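Q: Got a structure for you, questions after.
The values are calculated or read from the model by the stated rules, or taken from the named source; none is laboratory data. What you see is a predicted model, and the numbers here were worked out from it, not measured in a lab. Cβ placement follows ideal geometry from the backbone for every residue including glycine, while neighbour counts extend to all protein chains displayed. We work out accessible area using only protein heavy atoms, side chains counted, and drop any ligands, DNA or RNA first. Shrake-Rupley method; radii C 1.70, N 1.55, O 1.52, S 1.80 Å.
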Amino acid sequence: MQHLSRLLSLASLTAVTISAHAQLANAGFENTSVVGEDTIPDDWSVTSGFGGGAIQDGNTGDWSLGVWHWYWYGPGIAANGSSVLDGYEGTPFTGHPVGIGGFYKRYTDSLVVDQSFNDSGQVTVLLTRWNAGLFQRDTVAIGARAFGERPEWSPFSIGLDYLLSGDPDTLVVRVLSGIDCFCGMGTDGTCCYLYVDDLSIELENGVTTPLGRARDARVIAIGDGEVEVRVDDPSRLPMTLRLHDGLGRALDVRTIRSDRERVRVPGSA
């Protein structure tokens with residue numbers, strides 16, 4: 001019976017992960033379109049055809065997303081959605097992932113030798129929601145990572161730090177070729193290439209709940225369709241627990257009154 005329980009838990013987690021992955025459209029960058037003379041991954045946008053686009057060099061498949069510095073100092077920027085302008089990029093998203101994973105490759109080519117230049121590429125992940133009262137986007141969660149030289153495809157993971165409780169409505173993945181990078185004059189004006197591929201959404205135990213920065217509570221899967229709520233600060237009790245599946249659909253809302261209280265996930269056998 002215990003072995004069967006583990007199999008059921010694994011099957012449930014796999015199904016949830018696949019559903020969540022579908023929310024990040026064209027995460028493998030295999031679907032492309034020609035815009036002018038440039039090839040751009042569908043569902044993604046770049047600042048300029050000079051500084052980003054689809055690259056025929058993939059971790060898997062034929063394509064990846066690439067950004068690079070152009071005209072010696074202009075950074076290449078790409079983002080999911082129809083615009084890379086700050087505050088307008090991103091695509092609809094529901095759920096509470098713990099991070100974003102994927103694969104990357106980076107090489108700088110020839111740079112101006114100056115220790116004041118930071119040649120690190122960067123990927124920033126934001127979960128946001130629209131604040132109708134203030135007419136602005138609030139950041140629910142954020143994560144970022146810098147990328148140095150790496151000529152071979154390598155895995156990466158970016159953890160998310162939750163700043164607010166509640167549900168996000170938009171996921172933003174922004175890819176930047178470098179910070180203060182300057183291409184050497186011996187180049188054609190391009191350098192600091194960062195390629196990413198096979199992006200995925202990382203979930204925790206197949207069940208997620210909004211967590212504050214201090215992590216007031218953790219939800220631990222214990223099998224047989226149950227989770228255990230471990231409360232780090234009992235003075236915060238009682239608290240409200242909201243369970244969501246990988247698509248962000250609400251499964252249940254419970255009032256938690258004690259540490260290690262067990263909750264059966266709706267729909268589990």
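Q: Has the range 120-127 got any residue that is open to solvent by 30 Å² or more (accessible area, probe 1.4 Å), modelled with pLDDT of 90 or more and touching a Pro at 6+ places or on another chain (Cβ under 9 Å)?
A: So far as the range 120-127 goes, yes, one or more of its residues are open to solvent by 30 Å² or more (accessible area, probe 1.4 Å), modelled with pLDDT of 90 or more and touching a Pro at 6+ places or on another chain (Cβ under 9 Å).
Q: Taking the conditions exactly as written (at pLDDT below 90 and either of a type in the set (D, E, K, R) or open to solvent by less than 20 Å² (accessible area, probe 1.4 Å) (or both)), does ASP62 satisfy them or not? I'd like the intermediate steps shown before the answer.
A: On the way: at pLDDT below 90: no; either of a type in the set (D, E, K, R) or open to solvent by less than 20 Å² (accessible area, probe 1.4 Å) (or both): yes.
The answer is no for ASP62.
Q: Exactly one condition in (1) loosely packed, with under 15 Cβ neighbours inside 10 Å; (2) small (Gly, Ala, Ser); (3) out of contact with any Ser or Thr (no Cβ under 6 Å at 6 or more places or on another chain); (4) at pLDDT 60 or above is not met by GLY223; state its number.
A: Exception for GLY223: condition (3).
Q: With (1) open to solvent by 60 Å² or more (accessible area, probe 1.4 Å); (2) in a loop (DSSP other than H, G, I, E, B); (3) aliphatic (A, V, I, L, M) as the list, and VAL34 as the residue in question, which single condition is left unmet?
A: All conditions pass for VAL34, except number (2).
Q: Does TYR88 count as modelled with pLDDT under 90 and within 18 Å of the chain's Cα centre (by Cα)?
A: Criteria met by TYR88.
Q: What's the number of the condition TRP72 fails, among (1) closer than 21 Å to ASN26 by Cα; (2) in a loop (DSSP other than H, G, I, E, B)?
A: (1)
Q: Quick one: in the range 187-217, of everything that is at pLDDT 70 or above and open to solvent by 30 Å² or more (accessible area, probe 1.4 Å), which residue is farthest from GLU261 (Cα to Cα)? Can you show your working first?
A: Of the residues in the range 187-217, the ones at pLDDT 70 or above are 187-203.
Next, only the ones that are open to solvent by 30 Å² or more (accessible area, probe 1.4 Å) stay: 188, 193, 198, 200, 202-203.
Numbers: ASP188: 62, TYR193: 49, ASP198: 37, SER200: 31, GLU202: 25, LEU203: 22 Å.
Across the range 187-217, the extreme among qualifying residues is ASP188.
Q: Still on this structure, I have one more. I'd like to check something: does the range 131-138 contain any residue that is touching a Leu at 6+ places or on another chain (Cβ under 9 Å) and under 30 Å from GLY166 (Cα atoms)?
A: Yes, that holds for at least one residue.
Q: Does ALA54 qualify as being farther than 20 Å from ILE158 by Cα, small (Gly, Ala, Ser) and touching a Ser or Thr at 6+ places or on another chain (Cβ under 9 Å)?
A: Values: farther than 20 Å from ILE158 by Cα: yes; small (Gly, Ala, Ser): yes; touching a Ser or Thr at 6+ places or on another chain (Cβ under 9 Å): yes.
Here the answer is yes, as ALA54 does meet what is asked.
Q: Quick one: in the range 226-238, of everything that is touching a residue at least 24 places away in the same chain (Cβ under 8 Å) and either touching a Leu at 6+ places or on another chain (Cβ under 8 Å) or closer than 11 Å to ASP259 by Cα (or both), which residue is surrounded by the fewest Cβ atoms within 10 Å (Cβ to Cβ)?
A: Within the range 226-238, the match that is surrounded by the fewest Cβ atoms within 10 Å (Cβ to Cβ) is PRO234.
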